[in-house]
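Have a look at the structure below before the remarks.
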């Protein structure tokens, strides 16, 4: 089976009851030749360290990445140890993906809000630890640490990626990170602008812009039933609109009045929690009427159409696509269709590690 390092998928997309289904998803993805699994973290049954270890254990070739975790929910020595463990367990297939999190959730949980300077400081600490260095008397944005060290013999090259939604974060990430993960529901024109910001950030930092691996995230639903489409597409977008819809509006130059009407809608306001996890089918049908069709840039429909949408993402300048919403088994027809139109030379020699 031809390997496709440019295509990843989100493991356990959205709300799940059993994390064990990740094991079948990973096995299916590897059989299909997909390149990477991206594992997002939710504070329920989607704890990232456990899941990345499991994904590495049941795969032989698939890249494994957090997509994403927050740096301040674990001590840096724990995160650096976890990353090294999975990286070695997988034979060098692991990348650590970080993000800033959801501020409202951080506030109610008592987790400090995250700033970019804190992430940059944290990444600097981890990179030193992975190279066997001692960190002595550190007092920086990421915290105060009298002494940190993993092992003086370490010489690990573990990529670090950033999930970037705001323009400033994108440009900053281009100058600091090995890879950048963009967000679902960014239209083609907006996606091209995002890529340009990241490449510009790398260039301004004196880096090779092409060295930063940029991942689009594309909701993909290939010939799925309407009920499933509502849950995967409308439910997911509505959940995003609940917490950071203003950022998606800004990236895509959408009308903010539409977002305001959504937030003021009584059905939306009656749902306690993430809409993709809590809404009924009837509620989703109502919410679908609040979201314009052009606010759902995705790959929905026939296998050939989905494959064309993959090419559209690459034409916007990204290096890879994280296929979101559907499990690998549901993606199989679209993957088969993509193989027929794939520009193989573009990805020759590309690492299976999604951060390289």
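The values are calculated or read from the model by the stated rules, or taken from the named source; none is laboratory data. All figures in this text were calculated on a predicted structure; none of them were measured in a lab. Here Cβ is always computed from backbone atoms with ideal geometry, including for glycine, and neighbour counts include all displayed protein chains.
So that you can scan it fast, the table gives a plain yes or no per residue for (1) assigned by TED's automatic domain parsing to the domain that holds residue 170; (2) in a helix (DSSP H, G or I); (3) more than 19 Å from the chain's Cα centre (by Cα):
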{"residue": "259", "(1), (2), (3)": "no, yes, yes"}
{"residue": "263", "(1), (2), (3)": "no, yes, yes"}
{"residue": "290", "(1), (2), (3)": "no, no, yes"}
{"residue": "335", "(1), (2), (3)": "yes, yes, yes"}
{"residue": "354", "(1), (2), (3)": "no, no, no"}
Original post:
Among 49, 29, 56, which is the only one that is surrounded by 21 or more Cβ atoms within 10 Å (Cβ to Cβ), within 19 Å of the chain's Cα centre (by Cα) and over 20 Å from residue 232 (Cα atoms)?
Top reply: 56
**OP:** Could you identify the single residue in 195, 108, 180, 123 that is closer than 18 Å to residue 322 by Cβ and assigned to a helix (DSSP H, G or I)?
**Re:** 195
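Check 186, 119 and return the single one that is crowded, with 21+ Cβ neighbours inside 10 Å, closer than 19 Å to residue 82 by Cα and touching a strand residue (DSSP E or B) at 6+ places or on another chain (Cβ under 8 Å).
Values: 186 fails: closer than 19 Å to residue 82 by Cα.
After ruling out the rest, the residue left standing is 119.
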Subject >> Residue match in the stretch 165-173 (condition: over 19 Å from residue 322 (Cβ atoms), loosely packed, with under 15 Cβ neighbours inside 10 Å, modelled with pLDDT of 95 or more and more than 26 Å from the chain's Cα centre (by Cα)) >> reply: no
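From the list 221, 237, pick out the single residue that is modelled with pLDDT of 95 or more, surrounded by 14 or more Cβ atoms within 10 Å (Cβ to Cβ), touching a strand residue (DSSP E or B) at 6+ places or on another chain (Cβ under 9 Å) and part of a helix (DSSP H, G or I). Don't jump to the end; show me each part of the working.
Details: 221 fails: part of a helix (DSSP H, G or I).
Going through 221, 237 in turn, just one is modelled with pLDDT of 95 or more, surrounded by 14 or more Cβ atoms within 10 Å (Cβ to Cβ), touching a strand residue (DSSP E or B) at 6+ places or on another chain (Cβ under 9 Å) and part of a helix (DSSP H, G or I): 237.
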**OP:** Report the residue count in the stretch 130-151 for those that are assigned to a loop (DSSP other than H, G, I, E, B) and without any contact (Cβ under 8 Å) to a residue 60 or more places away in the chain.
**Re:** 7
Original post:
Mind checking whether some residue in the stretch 200-212 is in the same structural domain as residue 93 (by TED's automatic domain parsing), assigned to a loop (DSSP other than H, G, I, E, B) and without any contact (Cβ under 8 Å) to a residue 12 or more places away in the chain?
Top reply: yes
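The rows are residues; the columns are (1) closer than 29 Å to residue 342 by Cβ; (2) modelled with pLDDT of 95 or more; (3) out of contact with any strand residue (DSSP E or B) (no Cβ under 7 Å at 6 or more places or on another chain).
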site	(1), (2), (3)
8	yes, yes, no
27	yes, yes, yes
42	no, no, yes
52	yes, yes, no
68	yes, yes, no
87	yes, yes, no
Original post:
Which condition number in (1) assigned to a loop (DSSP other than H, G, I, E, B); (2) more than 21 Å from residue 15 (Cα to Cα) is the one that residue 272 fails?
Top reply: (2)
Subject >> Only one of 56, 65 that is part of a helix (DSSP H, G or I) and in the same structural domain as residue 98 (by TED's automatic domain parsing) >> reply: 56
